[in-house]
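The values are calculated or read from the model by the stated rules, or taken from the named source; none is laboratory data. Bear in mind the structure is a predicted one, so any value in this text is a computation, not a measurement. Here the Cβ positions follow ideal geometry from the backbone for every residue, glycine too, while neighbour counts run over all protein chains shown. Areas reflect the complete protein model, heavy atoms only, side chains present, ligands, DNA and RNA absent. Shrake-Rupley method; radii C 1.70, N 1.55, O 1.52, S 1.80 Å.
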Protein chains: 4
Amino acid sequence: MPKATFLNLAQEKKDLITDALIKHFATKPYHLVDISDVAKECKVAKGSMYQYFENKKDMYFYTIEVAYERFLQLLTKMDMVHVNILDYYENSLESVWNAMKDLRYEYMLLEMAFFSHDSPFKDEINEKFLKQSRDFLVEIIKYNQKQGFIRDDIDPLLIGIFLEGASFYMKKFIIEKALNENNTTTFELDIDYFKDAISQFIKLLKEGIAKK
Amino acid sequence: MPKATFLNLAQEKKDLITDALIKHFATKPYHLVDISDVAKECKVAKGSMYQYFENKKDMYFYTIEVAYERFLQLLTKMDMVHVNILDYYENSLESVWNAMKDLRYEYMLLEMAFFSHDSPFKDEINEKFLKQSRDFLVEIIKYNQKQGFIRDDIDPLLIGIFLEGASFYMKKFIIEKALNENNTTTFELDIDYFKDAISQFIKLLKEGIAKK
Amino acid sequence: MPKATFLNLAQEKKDLITDALIKHFATKPYHLVDISDVAKECKVAKGSMYQYFENKKDMYFYTIEVAYERFLQLLTKMDMVHVNILDYYENSLESVWNAMKDLRYEYMLLEMAFFSHDSPFKDEINEKFLKQSRDFLVEIIKYNQKQGFIRDDIDPLLIGIFLEGASFYMKKFIIEKALNENNTTTFELDIDYFKDAISQFIKLLKEGIAKK
Amino acid sequence: MPKATFLNLAQEKKDLITDALIKHFATKPYHLVDISDVAKECKVAKGSMYQYFENKKDMYFYTIEVAYERFLQLLTKMDMVHVNILDYYENSLESVWNAMKDLRYEYMLLEMAFFSHDSPFKDEINEKFLKQSRDFLVEIIKYNQKQGFIRDDIDPLLIGIFLEGASFYMKKFIIEKALNENNTTTFELDIDYFKDAISQFIKLLKEGIAKK
DNA sequence: CATGAATGAGCGTTCATTCAT
DNA sequence: AATGAATGAACGCTCATTCAT
């Protein structure tokens, strides 16, 4: 709920501010984000930030919302609900990879907002974003079970948790590796390493870790 | 490195302070932990906290150390390295469950300290605790592969990530469920639900999610 | 290095703050100067002081710098290096006296900053101000020796020390006398007493204390 | 006015504490002297210091008193009042030098207490010590004038100020030189340099700086 | 009397937010 | 609407002094 003042801004300026906010909230915990830093980076007066937004929390939520939308846009390009989730992972490598590159800060922000204790608004965020996203995932899983794509002898919620956790750590690991190998600013980890890692990951997901 | 003053305190008082610190650092990000809050809760003057510890960071690290030790004590009751990791998960249900009940805050603290972006001391903590813990896990995995307990066609590091993520989310889910069902202070989620959830989780781990 | 915020202030306000700072740092040792006192005196919020300056040390150094400049302005009206130092003392009575009246706090501040053991920044100050000032004095003395104005059978450095000490105590004595006789705020010691004291002082300097 | 508790202490312990206090108050400004530091150095509990003395100020004044007495003892070995002050300076080189070595901290303490702005008790100290000491000096000067040892056409008070200032700076200069040349702890500046400097200084005092 | 833990007032500094222009 | 100065609550930390044993 940014103020009208913000919405009336030229798109270019809006983007500038939005991107700066995303970057800052993505790379520092909430309490270490200094509004005057952000303002300085946007070459905007600190006071202006408060003409655009109600307060810091408002900036934070707006920021999450934008990041979330940008992410969903990538996903909704395909009919997620009616897809074989295993195929999805397997086939969408390239686009996921690109998403992780292009929406790096968005991704990091969402990760922090949803899963770290940093934010003082954890519950609100959960309510607003995470629950629906988990519900959405469970929906997909149920569909996949019904279609016979994945086993149906396990509670879909538990499968969802399992999937969320394993894939989140996986992505995190890849991103960190990429950030370390490069000078943090570029993001040019070899896609081959990534492809290989993901395909091993899919195998684990599908077949489990037990020796056959 | 708490000061001698702290170590000389009556055990009871030491525990009181230690537990209060753990609770606070476990439930709020570092920057929101107010030393005078903690002091008040311990019925101790703010200044006393600084007779016990060098500074806030010292309190934080001490707190993590204690939580870590308490955790390790549970784990080291068995010879972790030389165990079938799948059996381990399956058989240690009860003790894991109890650990999660008794060391609830310790668990949450370690989770925050190791995985959240807050804390200005991420790197130090990684250096001091986390690195060895992931290395340790990979060691176990390699042993399990050699013994033929688990598949050896996948990079043990990736298996480690997979395991860490899936089981972390699982535990988190259970803890949150337990905390919500009750009034946060007690922790009386039915062990049966827990047992059931864990055994399904083990199945997923072992066999994967693909339909046979 | 006050911040731009300070430099942009109305000259009047800048002076108000500068003078308050000089007064406080001139009359109390560094550690007893309370920024909120100063702020209160300027009718400015404590926080504002930190919008103007980096920190307390910054205020202190700024203060010294201003006092030093104000002092130098008085001295540089004449070509100090190429002057008979004895004549200088004798003829400049009036202006010295006025300086001591107008720049009372500046004088006291510099005295404290340069010669007292307080201030955690003694060395920096020495480096920045004092060294050049003693060197400058020795330069003058050498010139006076070369011109035959003063004896040249004594190490110029020692003469410098001698001069510094005797005249510093002299000035200090006069200032204290003046401050005591009045209500500290005004400074109306009779110039005649002052002239007399100074001329006797010059005699001692020139001719020594021995009976002829 | 240390408490009886202190006075009843074994002489050895009393000296230990006294010397530690002198050293600390001599080398740091009042506000930076930390009583627990001093206590630690004496291997005495901090609380004990407060059984010996009323408070920090009490310690400070006791310290000054002792230092002052020790100093006076050196001076009163000769009948100061009835001595030719010029001869005194000239002949007592060696003993002054030794005093400066042995009573280094006492000397530094008195210097700070009397002449720097550091102490919050400046006026009291002036009242208690300095005035009598300056009065004493003026007494000597008057006697010297009456005896025809020094000129009597100048106000004895002014001569006193002159002497105080010039000789204080001189001593300060020598002490600093000595402290710099050595590793601060020993104090072994060559007495020859010292003798030479002092004799030049006496010449200046006696004959002034004017070219004959 | 000695000890050393306990206390709390106080200071420097930060930063979200408001205000005046 | 934009600016950037002004505000003040809040927090980390220190240390003289008191208290309990």
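Quick notes
- Condition broken by B:Glu12, with the remaining ones in (1) near DNA strand E (Cβ under 10 Å from one of its atoms); (2) away from every other protein chain (no Cβ under 13 Å); (3) more than 21 Å from the chain's Cα centre (by Cα) satisfied: (1)
- Among the residues of segment C:1-28, those identified as under 30 Å from D:Phe121 (Cβ atoms) and either more than 11 Å from DNA strand F (Cβ to nearest atom) or in contact (Cβ under 8 Å) with a residue 40 or more places away in the chain (or both) are C:Thr18, C:Asp19, C:Ala20, C:Leu21, C:Ile22, C:Lys23, C:His24, C:Phe25, C:Ala26, C:Thr27, C:Lys28.
- Residue, nearest to the other protein chains (Cβ to nearest Cβ), within segment C:38-50, restricted to residues that are surrounded by fewer than 14 Cβ atoms within 10 Å (Cβ to Cβ) and within 9 Å of DNA strand F (Cβ to nearest atom): C:Gly47
- Against the conditions (1) at pLDDT below 80; (2) surrounded by 16 or more Cβ atoms within 10 Å (Cβ to Cβ); (3) within 13 Å of another protein chain (Cβ to nearest Cβ); (4) closer than 20 Å to D:Leu74 by Cα, D:Lys131 satisfies every one except (2).
- Residue that is nearest to DNA strand E (Cβ to nearest atom), among those in segment C:23-37 that are part of a helix (DSSP H, G or I) and either surrounded by fewer than 18 Cβ atoms within 10 Å (Cβ to Cβ) or more than 14 Å from chain D (Cβ to nearest Cβ) (or both): C:Ile35
- Qualifying residue in segment B:43-53 (condition: without any contact (Cβ under 8 Å) to a residue 60 or more places away in the chain and within 21 Å of B:Met108 (Cα to Cα)): no
- Residue satisfying all of: in segment D:51-63; assigned to a helix (DSSP H, G or I) and away from DNA strand E (no atom under 13 Å from the Cβ); most open to solvent (accessible area, probe 1.4 Å) among these: D:Lys57
- Looking across A:Phe114, A:Phe162, one residue alone is without any contact (Cβ under 8 Å) to a residue 12 or more places away in the chain, crowded, with 17+ Cβ neighbours inside 10 Å and assigned to a helix (DSSP H, G or I). It is A:Phe162.
- The set of residues in segment D:143-154 being at the interface with chain C (Cβ under 7 Å from one of its Cβ atoms) and either crowded, with 17+ Cβ neighbours inside 10 Å or among the hydroxyl-bearing types (Ser, Thr, Tyr) (or both) consists of D:Phe149, D:Ile150, D:Arg151, D:Ile154.
- Among the numbered conditions (1) more than 11 Å from DNA strand F (Cβ to nearest atom); (2) more than 22 Å from D:Lys101 (Cβ to Cβ), the only one that D:Val33 does not meet is (1).
- Verdict on A:Ile85 being more than 16 Å from DNA strand F (Cβ to nearest atom) and surrounded by 17 or more Cβ atoms within 10 Å (Cβ to Cβ): yes
- B:Leu157 open to solvent by less than 10 Å² (accessible area, probe 1.4 Å), more than 22 Å from A:Pro29 (Cβ to Cβ) and in a helix (DSSP H, G or I): no
- Scanning segment D:195-211 for residues that are modelled with pLDDT under 80 and more than 7 Å from every other protein chain (Cβ to nearest Cβ) yields one hit, D:Lys195.
- Filtered residues of segment C:134-165 (kept if within 22 Å of D:Met112 (Cβ to Cβ) and under 15 Å from the mean Cα position of the chain (by Cα)): C:Arg134, C:Glu164, C:Gly165
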